[in-house]
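Notes to accompany the following structure.
What follows is calculated from the coordinates using simple rules that are stated; it is not laboratory data. The structure presented is a predicted model; accordingly, all values stated were derived computationally and were not measured. Here the Cβ positions follow ideal geometry from the backbone for every residue, glycine too, while neighbour counts run over all protein chains shown.
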Amino acid sequence: MITCREATELHTAAEEGALTGAKKVFYDLHMKICPGCKCYRAQLHTTVDVLKGLPPEEPPADLVSLLASELDEKKS
Ligand SMILES: [Zn+2]
């Protein structure tokens, strides 16, 4: 049986489908019997979903006018 710590380290590999053989069996088994790691994995999924749903970062609204005034100052 693997420990919670080991299970945590295997989450990424499991997500990528890179987990094979005994490691996968132990990981799957651990996820079935350990509420803590199940919860952790669910949180991981939520975090990834939230990050995917975020819009691309917008520049500050006043950036254009800021740049424009900078340029104006240089001109004069
Ligand atoms: Zn665990």
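When only C-alpha pairs under 8 Å and at least 6 residues apart count, what is the relative contact order of the chain, in percent?
So the answer I get is 26 percent.
Just to be sure I follow: if Rg is taken over the C-alpha atoms of the chain and Rh is the Kirkwood radius over the same atoms, what is Rg/Rh?
Ratio of gyration radius to Kirkwood radius: 1.46.
In segment 35-76, which GluC sites (Glu not before Pro) fall in coil by DSSP and have 13 or fewer other Cβ atoms within 10 Å?
The qualifying sites are Glu57.
Would you check segment 4-56 for Lys pairs whose C-alpha atoms are within less than 19 Å, ignoring same-chain pairs closer than 8 in sequence, and give me the count?
The number of close lysine pairs in segment 4-56 is 4.
Divide by every residue of the chain the summed helix terms, -39500 (n - 2.57) for each DSSP H run of at least 4, and state the resulting mean residue ellipticity at 222 nm, rounded to the nearest 500 deg cm²/dmol.
The per-residue figure over the chain is -24500 deg cm²/dmol.
Restricting attention to the chain, give the cysteines that have no other cysteine Cβ less than 4.7 angstrom from their Cβ.
So, Cys4, Cys39.
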